[in-house]
Every structure is written in structure tokens, then in C-alpha cells.
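Enquirer: If you scroll down you'll find the structure; I have some questions about it.
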Amino acid sequence: MTEFFSIFGAYDFVIRDGIVLSLVALSLYVVLSAGIFAVPQVGLMAVGAYVSAVLSVDAGAPFVVSLIGGTLASGFVALLLAGLLHRLNGIYLAIASIAFAEIVRVAVLNLPLTGGAQGKVGIPRTTTDLVICIVVVVAVAGLIALKRSRFGLAISAMREDSLMASHQGVDVVRYRTALFALSGILAGAAGALHVHMSGFVEPGQFSFELLTQLLAIVVIGGTVFVTGSLVGALVIIGLPVALTGLASYEALVNGVLIVLIVAFAPSGILGSLRSWWPVRSSPSPPDSADETSAERVFPLLRDDGPAGDTVLEIRDVVMSFGGLRALDAVSVEARSGEVLGIIGPNGSGKTTLLNVLSGVYRPESGTGTLLEHDFSELWGHPHVTAQSGLARTFQNIRLMDEETVSTNVRLGIARRPGVDVHERTRNLLTENRLDWAADIPVGSLPYGVRRRVEIARALAREPRVLLLDEPTAGMNPTERQDVFDTISDIRSGGVAVIVVEHDVAMMRSFCDRLVVLDFGRKIAEGKPDNVLDSKEVIRAYIGSGSLA
Ligand SMILES: Nc1ncnc2c1ncn2[C@@H]1O[C@H](COP(=O)(O)OP(=O)(O)OP(=O)(O)O)[C@@H](O)[C@H]1O
């Protein structure tokens, strides 16, 4: 038996407990790092512990079998739980998952197989220090690899903004289910290791107190790094040892520590240390004259299909919020190589229309097609719409502020065989004149540049249809002109562009066609000059006079 933690003398149990606890904390980290506030880990650990104990004691299974059995059982229960709770978020999800842990505790308290309140004894103490270390090292290495993968990037996007993530083709429900299962596997493995370390299991080991300890570990370690959970567990397990003479103050010191960390180091100990590392000074944006003269082509856009083909169409779409008809029998058609402008007074239904076109909303009635896809299969599933050739930007910029420009653009890249993601990212940055900002976190960039990053990310999806919701909002005239020049270039690449904008003069000169909404109804459609000179449109906008 390899028991190298014996070098810590009387504290060897503390070290082992701390490492196993860090494994459960990692299972909590897995969901929290994706912005999912689910805390069923104590219940999942109990499932792993009891299944493993029953396999060993009642079925006489060898250690490896009971370790794997407990781990998989917990992963499976987590999978079922993900299905049951898939509609819940935020505080409701937290409460439901705490309730799950309580259900497990009450179940093991009453089931004959689990030994009731007395628990189960006589579990072979077969967990060795080597096994604990191997399991934790594999878990940490696996999670680090996962974080660096496409899956990890999608998780970061989900944490930042799940709607934005789904518009990059991320199936948020499937990813969330996978994370639940992974969380269950880690908690189950910890439970199985724990019972084969202590030799017994009883319901009291899976109390609410354990959950608060886990939360403290994740708060202290932070969710910036995978290894944060190890540091947090070390602190939580190490503190009582350090405070041996002050045992009655242990809870107080724990509490004060957590409050101090939340107040002064909200990203945890490791996350805060990161801000001490020297940061490369940010390059400034190139001179605007250089930018204008830079070559502005989008050779990577798809150019299949003749210009002028109808690529998107909706008919008689009705969408209401309560008693309010935000869209009233609206029909719209977009053609490749054309810029379609959507204008209308505030609250006329423009953003609602874009949300219907991008699959966020499922309208009450209406039909439509996006390329070869029927909208009835896309409505309510924005990630499928994104995978079907449509990309969009948002009225309020939605980017991963902590991540670099390059990472944000990479998130949008549609994976196809043979695509070199790094080369494609570089090309997109060059085409959008963002090379100088590649390594800068998006949150520190000026507004106009962030808008360009959002457009670059949308282009990374190689869309056939591009929706732009007020792409020049908050920009100065030069920046506005720049965005409209970019839109013209995108149109030349054969993309159907649908733009919502308030700048009527710009829309008149740049759009091929305009659709005007008023109180959810389409009141005009056609060539910009004809539409903007129509009496009904002028009345809707300004009552009388003329539009720019
Ligand atoms: N999620 C929602 N819940 C309830 N009402 C909504 C919702 N979204 C939009 N509305 C209402 O639907 C109507 C259309 O809103 P929408 O945002 O589509 O208009 P808009 O033309 O984009 O306005 P703006 O130019 O101010 O952005 C408004 O009356 C708005 O209050």
C-alpha cells in the first residue's frame, strides 16, 4: 500500500480529506464556471459513496469495480437531474438542486440497503494515497484540457451570456447536460474514494454543512483557474489545523475569510494573483487614415448561389407579449447580395423581428424558410438557426469582455473539416482591421472597435444571412460611415444583410430595399427613396415634413 501522506504525521488524514474534498469542489467548479448555479454535488457524492459501498460490502466487488460503479452511477443520476431541471435557472435551479441533495439524504436514511441512520460499516479501506492522487491529477489535467478546447470556449461564452453563445451555434441545453454529467462523475468518484478511505458511510456525512464548505472552497480558490479548487480546499482544511488553539473561533475565522475574499478578491486567491502579473501595454488603434486606405475585402465569405436569390422568407408572422402585438402579420424576404433595411419608430417591433428571424422567439403564427430550412424547426432554437447559415449582432454589444479579440472571433468560427482555426482567425482579424487588437481583452477597447469585433465574429460563421441590430448605435459619424462601408463590402461577398438602424439618411443611401414597421405592422416596403417619401412613413416618423 502506498501511503506517502504519512510523512505529514498526525495530519495525513487531513491531507487525504482535503484532496478528496477538492475533487467534490471541482465538480462544483465544473457547473459554476459555465454560469450554472446548480449545487447538487453533496447529493451526487452520496450517490457515488453509497453505490460504491453497496457494491463492495453487499456484492463483494473489487475496489476498482466499486470505484467505477459509484462514479458512473452518480454521473447517470446527474444526467437524469439535468433533464429534470433543464428549464430552471438562477436561484430556482439552486433551490431545486439543494432539494435533490436533501432527497438523497432522506432516501439513504430510510432504505434498508443503505443501513439507515447507522449507515454502512465494514467497507474495505482500499483507497491508497496513490489512487487519490491519480484520480485528482487525471481530473485536473482533463479539466484543463477541456478548458482549452472548443468545448471550454463554448462554456466561457455560456457563462458570459447564454443567448450570445447559442447564436454562435452552441447548443446550450446539450452542453449544460454534459456539464451536469461531468459534475456527477467527479462528485461520485470523490464519494467512492471517501468511503473506501474511512471504511464506513452514514447520512450525516452529506449534510448542508458540507455544501457550505464546498462553496467556501470555490469562493476562496475562484473559478478563473481549474486549480483554484485545490488551493481553496487546502485553505479550508488547513485552517482548523493552523487554528488548533483557537478551535472555538474556527467558524468565525472561516466566515471572516470568505467575506474578505468576496469583498477584495472576488475572483478568488488565484484569480487575484493573476492581476499582479505584468501586462503587455496595449497597442493603440492605427491611424484612421491608414484604416480607410487598408484593403477591405471579405474573400472568405461564401459566394455560392447567384446574387438576388431569396435566402430568407417569413410570411404573416404574429408575435405578442401578453396583450401587446409586437408583430402583426409581418412578411419579409431577404435576397443574397442585398442590404435590406428595417426602420420604424421606437417600439415598432424591429428587434422583435430580428429575434424571430434568428430563432430566439417562436411566433404564435406564421411560416417561413431560411435557405433550405423550414422556420418551424428553427424557431425557439437559435443555435440551429446559427448552424443553418444565419449570424447576427446585437443592439447591446454581447461579447466576452474578459477574453481577447482573437478569442471572441474564434468563438464564432463555424467548424468544418479542413478549416485551420488559427489561420481563419488571423484572416478575419486582418479583413476587419483588428490585427493590432488581437491580444487585447475586448472589455478595454473603445465602443466602435468592439462593434467591429462583433461583426467579425458574426462573419466568422460564414453566414449566408447577416442580421445587424443597430450596428452604429453610439458611434460618431466617421465610425458610422466605416460600419456602413463594411456592410457594403459584406454585401459584395454575396451575403443577404438585414440591418435595423435609426440613421434614416444612412439607410437611404446604403440599403437596396427598406421595410418600415409601425406598431408591429409593415406599413411600407420598397426602394429607399420611394419608401421614405411615402406619406404614411413620414406620418409614422414625424407627423409631417420630410425624412432626410
Ligand atoms: N420581451 C418582451 N416582453 C414584453 N414586451 C416586449 C418584449 N420585447 C419587446 N416588447 C415590446 O414589444 C414592442 C416592440 O419592441 P421592439 O424592441 O421590438 O421594438 P423596436 O422597434 O426594436 O424598438 P427600439 O427602436 O426602441 O429598439 C414594444 O412595445 C416593446 O415594449
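Please treat every number below as a calculation from the coordinates, not as lab data. Remember, it's a predicted structure, so these values are computed and weren't measured experimentally. Please note: Cβ atoms are built from the backbone with ideal geometry, for glycine as well, and neighbour counts cover all protein chains shown.
Enquirer: Considering the dipole of the chain built from charges on the beta carbon (Lys and Arg +1, Asp and Glu -1) around the Cα centre, which of 197, 270, 361 is farthest to its positive end?
Expert: 197
Enquirer: In terms of Cα to Cα distance under 17 Å, which lysines are near enough to residue 527, apart from those fewer than 8 places away along the same chain?
Expert: Straight-distance partners of residue 527: 535.
Enquirer: Starting from the Cα of residue 89, move 7 Å in the Cα-to-Cβ direction to define the label point; list residues of the stretch 370-400 whose amide nitrogen is under 18 Å from there.
Expert: 379-386, 394-400
Enquirer: State the Cα centre-to-centre distance between the stretch 405-419 and the stretch 362-382 in whole Å.
Expert: 26
Enquirer: Between residue 252 and residue 10, how high is the FRET efficiency from 1/(1 + (r/R0)^6) when r is the Cβ-Cβ distance and R₀ = 25 Å? Nearest 0.05. Walk me through the numbers on the way to the answer.
Expert: Values: r = 25 Å, r/R0 = 0.98.
Taking R0 as 25 Å, the efficiency between residue 252 and residue 10 is 0.50.
Enquirer: Share of Cα-Cα pairs in the stretch 430-522 beyond 14 Å, in percent? Could the numbers behind the result be given before it?
Expert: Values: 2913 of 4278 pairs.
Across the stretch 430-522, Cα pairs with separations above 14 Å total 68 percent.
Enquirer: Can you list residues whose amide H is under 5 Å from residue 517's amide H, if they're 5+ apart or on another chain and H is modeled 1.01 Å from N?
Expert: For residue 517, whose amide H was placed from the backbone, the distant partners under 5 Å are 343, 344, 523.
Enquirer: In degrees from 0 to 90, rounded to the nearest 10, what is the angle of the helix 129-148 Cα long axis to the longest principal axis of the chain?
Expert: Helix 129-148 sits roughly 0 degrees off the main axis of the chain.
Enquirer: Taking the Cα centre as origin and putting +1 on Lys and Arg beta-carbons and -1 on Asp and Glu beta-carbons, what dipole magnitude results for the chain, to the nearest 20 debye? Write down the numbers at each step before the final one.
Expert: On the way: 43 positive and 52 negative charges, 140 e Å.
Charge dipole of the chain: 680 debye, to the nearest 20.
Enquirer: Percent relative contact order of the stretch 4-274, based on C-alpha pairs within less than 8 angstrom and at least six residues apart?
Expert: Details: 427 pairs, mean separation 87.4, N = 271.
Relative contact order, the stretch 4-274: 32 percent.
Enquirer: Compute the relative contact order of the chain as a whole-number percentage, counting only Cα pairs closer than 8 Å that sit 6 or more residues apart in sequence. Before the final figure, lay out each step's value.
Expert: Details: 1002 pairs, mean separation 85.4, N = 548.
After rounding, I find 16 percent.
Enquirer: Taking the Cβ-Cβ separation of residue 478 and residue 505 as r and a Förster radius of 25 Å, what is the calculated FRET efficiency to the nearest 0.05? Don't skip to the answer; put the middle values down first.
Expert: Working: r = 15 Å, r/R0 = 0.60.
Plugging the Cβ-Cβ distance into 1/(1 + (r/R0)^6) gives 0.95.
Enquirer: Indicate the gyration tensor shape class of the chain (rounded, prolate or oblate), computed on the Cα atoms with a ≥ b ≥ c the square roots of the eigenvalues: a/c under 1.5 is rounded; otherwise a/b larger than b/c is prolate and the rest oblate. Could you put the intermediate results ahead of the total?
Expert: Working: a/c = 2.65, a/b = 2.09, b/c = 1.27.
Cα axes put the chain in the prolate bin.
Enquirer: Using alpha-carbon positions, what is the distance between the centroids of the stretch 84-163 and the stretch 183-254, in Å?
Expert: Going from one Cα centre to the other spans 13 Å.
Enquirer: Expressed as an acute angle from 0 to 90° and rounded to the nearest 10, what is the orientation of the C-alpha long axis of helix 421-431 relative to the principal long axis of the chain?
Expert: Roughly 30 degrees between the two axes.
Enquirer: Report, by chain and number, residues whose modeled amide H sits under 5 Å from the one on residue 335, excluding near sequence neighbours (fewer than 5 apart, same chain).
Expert: Those lying under 5 Å, H to H, from residue 335 are 311.
Enquirer: Quick check: the angle from helix 447-459's long axis to the longest principal axis of the chain, C-alpha only, nearest 10 degrees?
Expert: Tilt relative to the chain: about 90 degrees.
Enquirer: Using the 10 angstrom Cβ neighbour count as an exposure proxy, how do 385, 128, 244 rank, fewest first? Kindly include the intermediate steps, with their values, before the conclusion.
Expert: Working: 385 27, 128 19, 244 8.
Going from least to most buried by this count: 244, 128, 385.
Enquirer: While we're on this one: Net charge around residue 515, counting only other residues with Cβ within less than 15 Å of its Cβ (Lys, Arg = +1; Asp, Glu = -1)?
Expert: Details: positive: 315, 335, 350, 508, 513, 521, 522, 527; negative: 313, 316, 328, 333, 338, 469, 501, 512, 518, 525, 529, 536.
Result for the neighbourhood of residue 515: -4.
Enquirer: With +1 assigned to the C-beta of every Lys and Arg and -1 to the C-beta of every Asp and Glu, and no other charges, what is the dipole magnitude of the stretch 4-274 about the Cα centre in debye, to the nearest 20? The partial results should precede the final answer.
Expert: Numbers: 12 positive and 11 negative charges, 116 e Å.
Around 560 debye, computed over the stretch 4-274.
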